[in-house]
Amino acid sequence: MVLAAIIPASLFAQPLSPDTEELIQIARQRHLSEDPYWRTLLHCPTGASPYESFVDAPTFFLAETGKTDAEAELDALIRTFFGSDEPKRPICRFIARYTWVYEQLSDVIDTPPLICEEAERITPSSATLVFPTYHLNNPASMFGHTFITIETNYETPMLADAVNYAALPDSRNPLTYMVKGIAGSFKGYYSILPYYKKIQEYGDMAQRDIWEYPLNLTPEETRRMVLYILELKDTYSYYYFFDKNCSYMLQFLLEAARPGLSLTQDKGLTVIPIDTIKAMQRQSLITDARYRPSTGSRIRAGLDRLSKPEAKLARQLSDNAISPDAFLAMDLPDETKRVTLDLVTDVTRYRLAKKKIGQAEYRETFLGTLRARKTLGKGSPEEKTVPAPPEPTKGHDAARISTTVGVVDGDSFEEIAVTPAFTNLLNTDHTKREGIQIEFLHTRARFNNEEKELSLEGLTILDIISLAPRNTFIRPLSWTFHTGYEQRMTKTGEMKGAYSLRAATGMAWNLTEESIVFLLPEAEFLSSKGLDKGAAVGAGIHTGLLFSPASNWRTLLSGHLTRRMPDDTSESRLTFENNLTLNKNNRIGLAVNRTDVEEHHTWETSLSWHHYF
Amino acid sequence: MKKWIVALGALLVLTGTSYAANVAEDCGCGLGKELIGEKEGLGWNLLGTFLNGTSGNQTFGMSSGTLGCSKPEKFVMNERMDVFVADNMDSLAVDIATGNGENLDALMEIAQVSGTEKAKACEALQNNFDSIYPTANVEDTDVAQSIRGILAQI
């Protein structure tokens, strides 16, 4: 008994399994915590120093300092899962990290690996990057969204699992949404849902076309991605619209799939989804593209297949002015009947999505149309094809630098302009039937050769143009919005700097398939030293014709006509602008502008070279 | 600091439609339901969000596993078909009426019908459209049941 009292108590205490401390030492010797892949697993951008994880949820980490200390996190992982005791944390939430550490230490471990049941049940085969593009009449959605689908047991694309990083907003106020979204106050979560739900959300309800880019990952690489995703369920990072957004965060998934891949180091001030797709193409992750039309696109394609009288029949059918049975009894070829009924089906679904009809009316019309359609057999695939618009990644890069030479009323000038983003009405990358423009911080500096003066010609904070053509079924309102600093003519004929805030809304139509004519009543608030009272409001019209004579040539003839108060002046600004595309990132512009204010006028002609990068 | 400058500088920026999503999850074999709302109108076009997405809360349920389930494979297959039919009522009806389409392909894959059998099955479904969808208010469970009945006879 005396002997027992002498023997130190520590000999009876349960020691830390010697294995875990030894493993930690081995891990240190092998510099595992400095391995780039360990850092990717912890959601730290490639090459970032010092290490910091982008995940904000504390539950993601095993170590208290895991977010900022990669070595502590590795030690904690080894202590938690490589000991002789039952692990106190669920293996599935750490399965990617565990699997990699086990692989790195498998030569010195003699026990088999722990199993995550959930992971074992999933058999991934491949993955696809999905890009819902812009929504007609919402140019900012042109920045788009990206998510990934993971194909497992099924081949049909819509049965894949979509993995989507999105913010969970806790506010519905639009202003708070914006500020919080930019400033990172919303939490971003990964969510997993069947791809067909996303198709319904984007393609059917939001009328956005979807592009699918199959990734050339092997099943093994896809499996690594799946393990990584399992770790991210229920964890969050703060969502920043500009940089830590959906597209940026998805790049981590790809880096996890293929060790050694670097995508996350290129985070500038902004991450634009289409740029991340181009980056993946450069790294040979993507070689193909598939087009999935929205309901709106199917409607437009359907209308194109019909003649005017046939389109009228389609209209009558959708409005229930004639019954499907009466339509079937008409003397028309079967193909025409099929195509018309398919169009009416799409129109009916579109109207429900836009809440133009109620559920009850929808169901009756929908079923009635299908009952007629079923009697007409299968039809050929051509009856349903929708011609694909230009593939988004083939378009120009986001930032633009322009050099211009020109003459204004006899004085020659040179100008240089920089536009960080994004696209201009005259770009030929977009379909000829619509007009889209979003310009951000478009800054122009001009050197006037006569006055030998360099000045700020203009700084547009934001300019958006959305010309959405109307047809018999889809009738959007077109609109424009502009705010910025520019030169405007005063009532004495001088050009003076002015701040303009203007918006217009109206209608646009396709005269032909390559042209769009628009008519938009406009309101403007103008502030300038050149005005009688320093500020004025104006009402007027913004109208014009956008035309594409060739696939690489687009031309715009447009005018702003405004009447300003309290100055009581009329102003007209006419422009004739041409754009010739040389290649993906280079264009030439030729423009002629005329401005009239009361009895004064000025002419300006210019030739520009636009380079995108 | 940089972020606030960018935020201030771009306050008027960026329009978008916002999606408010509510998730109600059925517990069980990876089933889930979502309600998607869409905000529209010129006001929302000018100020909006760009947060892009819903917050589904399933796991790899539909196509890979029926998490938390230990039911026999046949039952699981029926359940998957029920889920698919419930989630895709309209699109599936269109495909059945037209005799082809991705929703029909998906249904056949879930039902494990392929090759020449699949062609016959699609035709049979199209011919039996009225019995699958007898009224405009037909329920998804009945639709799935009718489809299974027709497929069983191929």
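None of the figures in this text is laboratory data; all of them are computed from the coordinates on show. The structure presented is a predicted model; accordingly, all values stated were derived computationally and were not measured. Cβ: placed from backbone, ideal geometry, glycine included. Neighbour counts: every protein chain shown.
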- Query: Helix A:295-305 versus the longest principal axis of chain A: what is the Cα-based angle in degrees, 0 to 90, to the nearest 10?
  - Reply: 40 degrees
- aspartates and glutamates within cross-link reach of A:LYS533: Cα-Cα under 16 Å, excluding same-chain residues under 8 positions apart? A:GLU524, A:ASP567, A:ASP568
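Pull out the extension gain between A:VAL418 and A:GLU220, defined as 0.36 nm times the separation in residues minus the alpha carbon to alpha carbon distance; nm, one decimal. Don't skip to the answer; put the middle values down first.
Numbers: separation 198, 0.36 × 198 = 71.28 nm, distance 4.46 nm.
My answer for the length gained is 66.8 nm.
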- Query: Using the beta-carbon distance between A:VAL537 and A:THR111 and R0 = 56 Å, what value does 1/(1 + (r/R0)^6) give for FRET efficiency, to the nearest 0.05?
  - Reply: 0.10
- Query: Between rounded, prolate and oblate, where does the stretch A:72-135 land on the alpha carbon gyration tensor, with a ≥ b ≥ c its root eigenvalues, rounded for a/c under 1.5, else prolate if a/b exceeds b/c?
  - Reply: prolate
- Note on the structure: Once Lys and Arg are counted +1 and Asp and Glu -1 for all other residues with Cβ under 12 Å from that of A:LEU32, the total becomes -2
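Ignoring everything except DSSP H segments at least 4 long, calculate the 222 nm mean residue ellipticity for chain A; use -39,500 (n - 2.57) per segment, divide by total residues, nearest 500.
-8000 deg cm²/dmol
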- Alpha carbon convex hull of the stretch A:363-461, projected area averaged over orientations, nm²: 11.6 nm²
- Message: Amide H of A:GLU457 versus every other amide H placed in the peptide plane: which residues, excluding those fewer than 5 positions away on the same chain, fall under 5 Å?
- Response: A:ARG444, A:ALA445, A:ARG446
- Message: With the crude spin-label approximation of a point 7 Å out along Cα→Cβ, what separation in nm comes out for A:THR59 versus A:SER551?
- Response: 5.2 nm
- Query: Between A:SER126 and residues 5 or more places away or on another chain, which pairs have amide H atoms under 5 Å apart, with H built 1.01 Å from N, and which residues are they?
  - Reply: A:GLU151
- Taking the Cα-to-Cβ direction at A:SER323 and at A:VAL407 and moving 7 Å from each Cα, how far apart do the two end points lie in nm? 7.3 nm
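Using Cα pairs closer than 8 Å and at least 6 residues apart in sequence, work out the relative contact order for the stretch A:337-425, in percent.
Relative contact order comes out at 21 percent.
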- J(HN,Hα) series, the stretch A:576-585, from Karplus relation 6.51 cos²θ - 1.76 cosθ + 1.60, nearest Hz, glycine and proline x: 10, 10, 10, 9, 10, 8, 8, 7, 3, 10
- Using θ = phi - 60° and the Karplus relation 6.51 cos²θ - 1.76 cosθ + 1.60, list the HN-Hα couplings for the stretch A:194-203 in order, rounded to whole Hz, with x at every Gly or Pro. x, 4, 4, 5, 5, 4, 5, 5, 8, x
- Query: Which of the peptides A:43-50, A:499-506 is most tightly packed, and how do the rest follow, going by the mean number of other Cβ atoms within 10 Å of each residue?
  - Reply: A:499-506, A:43-50
- Compute the acute angle (0 to 90°) between the alpha-carbon long axis of helix A:273-282 and the principal axis of greatest extent of the alpha-carbon atoms of chain A; round to the nearest 10°. 70 degrees
- How far apart, in nm, are two points set 7 Å out from the Cα along the Cα-to-Cβ line at A:ALA445 and at A:LEU332? 6.2 nm
- Nearest 10 degrees, 0 to 90: what angle lies between the long axis of helix A:174-183 and the longest principal axis of chain A (Cα atoms)? 50 degrees
- Query: Once the Cβ-Cβ distance between A:SER455 and A:ASP397 is put in as r, and R0 is 30 Å, what FRET efficiency do you end up with, to the nearest 0.05?
  - Reply: 0.60
- Past the 28 Å Cα-Cα mark, which pairs from A:LYS233/B:LYS118; A:LYS198/A:LYS584; A:LYS187/A:LYS432; A:LYS198/A:LYS244; A:LYS233/A:LYS394; A:LYS452/A:LYS491? A:LYS233/B:LYS118; A:LYS198/A:LYS584; A:LYS187/A:LYS432; A:LYS233/A:LYS394
- What length, rounded to one decimal in nm, is gained on full extension from A:ARG28 through to A:LYS378, with 0.36 nm per residue of separation minus their alpha-carbon distance? 119.4 nm
- Within-13-Å neighbourhood charge of A:THR483 [Cβ basis; K, R +1; D, E -1]: -3
- Can you list the cysteines of chain A that have no other Cys Cβ under 4.7 Å away? A:CYS44, A:CYS246
- So what are the radius of gyration and Dmax for the Cα set of chain A, in Å? 30.6, 117
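To the nearest 20 Debye, how big is the dipole of chain A about its Cα centre, given +1 on the beta carbon of each Lys and Arg and -1 on that of each Asp and Glu?
1960 debye
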- Item | Interchain or long-range residues, amide H under 5 Å from A:THR235's placed H | A:TYR190
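List the relative contact order of chain A as a percent without decimals, with contacts defined as Cα pairs under 8 Å and 6+ residues apart.
8 percent
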- Would you mind checking the radius of gyration and Dmax of the stretch A:249-383 based on alpha-carbon positions, in Å? 22.2, 65
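Within 15 Å, Cβ to Cβ, of A:LEU227, how many net charges do the neighbouring residues add up to if Lys/Arg are +1 and Asp/Glu are -1?
Overall, the nearby charge balance is -2.
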